[in-house]
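Novice: Sharing a structure, written as structure tokens. Questions coming.
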Amino acid sequence: MTETPTDSRPSGRVFIACSLDGHIADRDGGIGWLEPYANAGEDHGYEEFMDSVDGLAIGRKTYETALSFPQWPYAKPVFVMSRTLSQDDVPEALRDRVEMHAGSPVELLAALGNRGMGALYVDGGQVIQAFLDEGLIDELTVSRVPVLLGGGPLLFGPMDSPTALEHVETRSFPSGLVQSRYAVRRIAG
Ligand SMILES: NC(=O)c1ccc[n+]([C@@H]2O[C@H](COP(=O)([O-])OP(=O)(O)OC[C@H]3O[C@@H](n4cnc5c(N)ncnc54)[C@H](OP(=O)(O)O)[C@@H]3O)[C@@H](O)[C@H]2O)c1
């Protein structure tokens, strides 16, 4: 991709659940430990969040998890960040809904800004970290569930520089899920 960054880049938004010790999947990549919380009959705001975005940018590993579901879980366009998969690897039935991107986060957002996209759901631990490192995340909603997984991919990892966050709100639910929303603080100048 050759597009250059523009001022009208889409807003990068994160909406993710993790264990209390910060893992987004268990050691085997499984997310079954999230099921009791997803099925608790509580409104954690996922639908409302989904309505607020124009599409998703997800990591290749998150894409592979989504592919393993009985039904494709996303109604909006999905852009998969991968340096190993190409468009030819996308199953025929998903080709109009899934696009592979080998470029950097800034290149992807520039391309999507040029297509008029306003907000993008960024998902997958490594990809979220890459977007954060490039200063491309504007809002983070993190739901912590009361389990210690002790291993597995982490939501946050080493970063090139600190990112200041502004706490917007925290809600807790009877299931024990605690959800906090943060805005990324922009440094003026
Ligand atoms: N708890 C939750 O709410 C939640 C949400 C989403 C996912 N998950 C789980 O988390 C796991 C996946 O997360 P993950 O952190 O392991 O991987 P990920 O972020 O989903 O995918 C990582 C892959 O993205 C590709 N990529 C392209 N550009 C990249 C860049 N600039 N930086 C980093 N990666 C880039 C690479 O694929 P190539 O190797 O193909 O180049 C890399 O291996 C899965 O088990 C999924 O089910 C949980």
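The values are calculated or read from the model by the stated rules, or taken from the named source; none is laboratory data. Computed from a predicted structure; not experimentally measured. For neighbour counting, all protein chains shown are included, and Cβ atoms are generated from backbone atoms with ideal geometry for every residue, glycine included. The area values use the complete protein model at the heavy-atom level, side chains included, leaving out ligands, DNA and RNA. Shrake-Rupley method; radii C 1.70, N 1.55, O 1.52, S 1.80 Å.
Novice: Would you mind estimating how fast segment 64-171 diffuses translationally, via Stokes-Einstein at 10 °C and 1.306 mPa s with the Kirkwood radius over Cα pairs, in µm²/s?
Specialist: Here the translational diffusion coefficient equals 99 µm²/s.
Novice: Can I ask one more? Would you be so kind as to identify which of Leu108, Val53, Gln129 lies farthest towards the positive end of the dipole of the chain, taking Lys and Arg as +1 and Asp and Glu as -1 on Cβ and the Cα centre as origin?
Specialist: Gln129
Novice: Moving on to the next point. I'd like to check one number: the per residue accessible area of segment 123-189, probe 1.4 Å, reported in Å² as a whole number.
Specialist: Per residue, segment 123-189 has an accessible area of 55 Å².
Novice: Now a separate question. For Ser11, what residues show an amide H to amide H distance below 5 Å, using hydrogens built from the backbone and excluding near sequence neighbours?
Specialist: Excluding prolines and chain starts, which carry no amide H, the hits are Ala119, Leu120.
Novice: Next up: Compute the separation of the alpha-carbon centres of segment 157-189 and segment 106-154 and state it in Å as a whole number.
Specialist: Centre-to-centre (Cα) distance: 12 Å.
Novice: What's the magnitude of the charge dipole for the chain around its Cα centre, counting Lys and Arg as +1 and Asp and Glu as -1 at the beta-carbon? Answer in Debye, nearest 20.
Specialist: Dipole about the Cα centre, nearest 20: 220 debye.
Novice: Sort the chain into rounded, prolate or oblate with this rule: let a ≥ b ≥ c be the square roots of the eigenvalues of the Cα gyration tensor; rounded if a/c is under 1.5, and if a/c is not under 1.5, prolate when a/b is larger than b/c, oblate otherwise.
Specialist: Cα axes put the chain in the oblate bin.
Novice: Within the chain, what whole-number % of the accessible surface is contributed by carbon and sulfur, with the 1.4 Å probe and all protein chains included in the calculation?
Specialist: Using a 1.4 Å probe with all protein chains present, the chain comes out at 51 percent carbon and sulfur.
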